[in-house]
Amino acid sequence: MKIIDLFSGVGGLSIGFEQAGFEIVASVDVWDDAIETFNHNRVDKCGVVMDIDKFNEKTLNELLKKNSITGVIGGPPCQGFSTARLSDNSENIHGVNERRNHLYLEFYKTVKKANPDFFVIENVRGMVTLNKGAFVKDILDRFGKLGYTIKYEIVNAANYGVPQNRNRVFFIGLKNASFKFPTKATSQVSTSDALSDLPLKPLNNPSQYLQSAQNQYQKLMRRGSKQILNHENTNHSEQTKQIISLIPDGGSIKSLPTEYWKVRKFNKAFQRMNSKLPSLTIDTGHRNYFHFSEHRIPTVRESARIQSFPDNFEFLGSKTSQYKQVGNAVPPLLSYQIAMQIKHYLKKQYWRKYDPT
């Protein structure tokens, strides 16, 4: 079951689908650092730095000559939906400005040309309501005409074993089946559950494990790993550490005296992770939230743990780039849950095809 990952980043979606038994034959992104990290962690270096329109124009045809594509996955940027005017203008379908949404439309072209059994689109939750639901309407119409039955849902990664409250919308299109999202877990993984086995004051890269895994999540993250990568502290000034120390476990800027509020003028600033709950959303920066017990921001590895990247996955590039690579990714564990559910439907279709009884 071969799939293409578009706008792949470092491959959070790819990892989950591979763990579910799919094979990635092409991973496409325009960011050099992301593809360098993607290929560094694989035997088959199938990641390419390329504009998607060039991929569709030059590479996809050759790929299709050698491979039957089962799925196309990715998170296409959709900037035009925020400014498109709902009209009957030929440039707009459900208010979609085609010039500004060429990346999303190129994703559509890949699906149309490859004609896979399924596709997956992941995006920020706001795309569901943005511009009176123009994005949803266009996907249902555009991909529906290709023969796909499409289901979408805003999914919180914390409900699927990821120690992080991360809400994203997933669109799943299947041929000859109607997708049902996986059943939510009965319990959630906290930040302490995710991080408590990692050294609190790492000095070297790589670092060594100082204790055994304390729970099933840690065992899963440590599988196949003998050392801790990307686990380097950020050097804060004494003044910064003093300010952080004033924020309790699970607290925020509102825990500080009002004079500190002027430093960061939005309520997401200076938040400390809650040790007993899933983490805040890991974003592309790293200055707005702190470790639940240490007076510092989380390391790249701690952020990757919260995103459910396995410990043997190494991020390359500058530290700023590494944080961005982690924050941009789809949590692999969430991807795995969705991939397994899709695999279930594909198996049912296979047996229905070859054993109609």
Query raised in the report: From the residues in region 192-238 that are in contact with an Asp or Glu (Cβ under 7 Å, 6 or more places away or on another chain) and hydrophobic (A, V, I, L, M, F, W, C), which one is modelled with the lowest pLDDT?
Result: Leu200
Query raised in the report: When Ala194 is evaluated against the numbered criteria (1) within 23 Å of the chain's Cα centre (by Cα); (2) part of a loop (DSSP other than H, G, I, E, B), which criterion, by number, is the only one it fails?
Result: (2)
Report summary line: With the first residue restricted to region 302-331 and required to be within 16 Å of Ser14 (Cα to Cα) and without any contact (Cβ under 8 Å) to a residue 60 or more places away in the chain, and the second required to be among the small types (Gly, Ala, Ser) and surrounded by fewer than 24 Cβ atoms within 10 Å (Cβ to Cβ), Cβ contacts under 9 Å at 6 or more apart or on different chains are Gly327/Gly285
Report task. Examine region 229-243 for a residue that is within 25 Å of the chain's Cα centre (by Cα), within 30 Å of Val120 (Cβ to Cβ) and outside any loop (DSSP other than H, G, I, E, B), and state whether such a residue exists. Result -> no
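So, in region 101-130, of the ones that are polar (S, T, N, Q) and surrounded by 19 or more Cβ atoms within 10 Å (Cβ to Cβ), which residue ends up modelled with the highest pLDDT?
Thr110
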Report task. Would you check which residues across region 239-264 are out of contact with any His (no Cβ under 8 Å at 6 or more places or on another chain), at pLDDT 85 or above and hydrophobic (A, V, I, L, M, F, W, C) and list them? Result -> Leu246, Ile247
Query raised in the report: In this structure, is Thr191 out of contact with any Gly (no Cβ under 8 Å at 6 or more places or on another chain), surrounded by fewer than 16 Cβ atoms within 10 Å (Cβ to Cβ) and under 30 Å from Asn156 (Cβ atoms)?
Result: no
Query raised in the report: Within the set of pairs 6+ apart or on separate chains, which have a first residue in region 223-246 that is farther than 28 Å from Ser212 by Cα, a second that is at pLDDT 85 or above and β-branched (Val, Ile, Thr), and C-beta atoms under 8 Å apart?
Result: His236/Ile244; His236/Ile297
**Report entry** Hits in region 138-166 - residues which are of a type in the set (D, E, K, R) and either under 16 Å from the mean Cα position of the chain (by Cα) or under 20 Å from Phe181 (Cα atoms) (or both)
**Finding:** Lys151, Glu153, Arg166
Report task. Test Val169 against the stated conditions and say whether it is farther than 21 Å from Lys347 by Cα, in a loop (DSSP other than H, G, I, E, B), of a type in the set (A, V, I, L, M) and within 15 Å of the chain's Cα centre (by Cα). Result -> no
Query raised in the report: Within the set of pairs 6 or more residues apart or between chains, which connect a residue that is at negative phi and at pLDDT below 95 inside region 176-191 to a residue that is surrounded by 12 or more Cβ atoms within 10 Å (Cβ to Cβ) and in a loop (DSSP other than H, G, I, E, B) with Cβ atoms less than 7 Å apart?
Result: Ala185/Gly161
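The values are calculated or read from the model by the stated rules, or taken from the named source; none is laboratory data. Worth saying up front: this structure is predicted, and the values here are computed from it rather than measured. Glycine also receives a Cβ, built like all others from the backbone with ideal geometry; neighbour counts cover every protein chain displayed.
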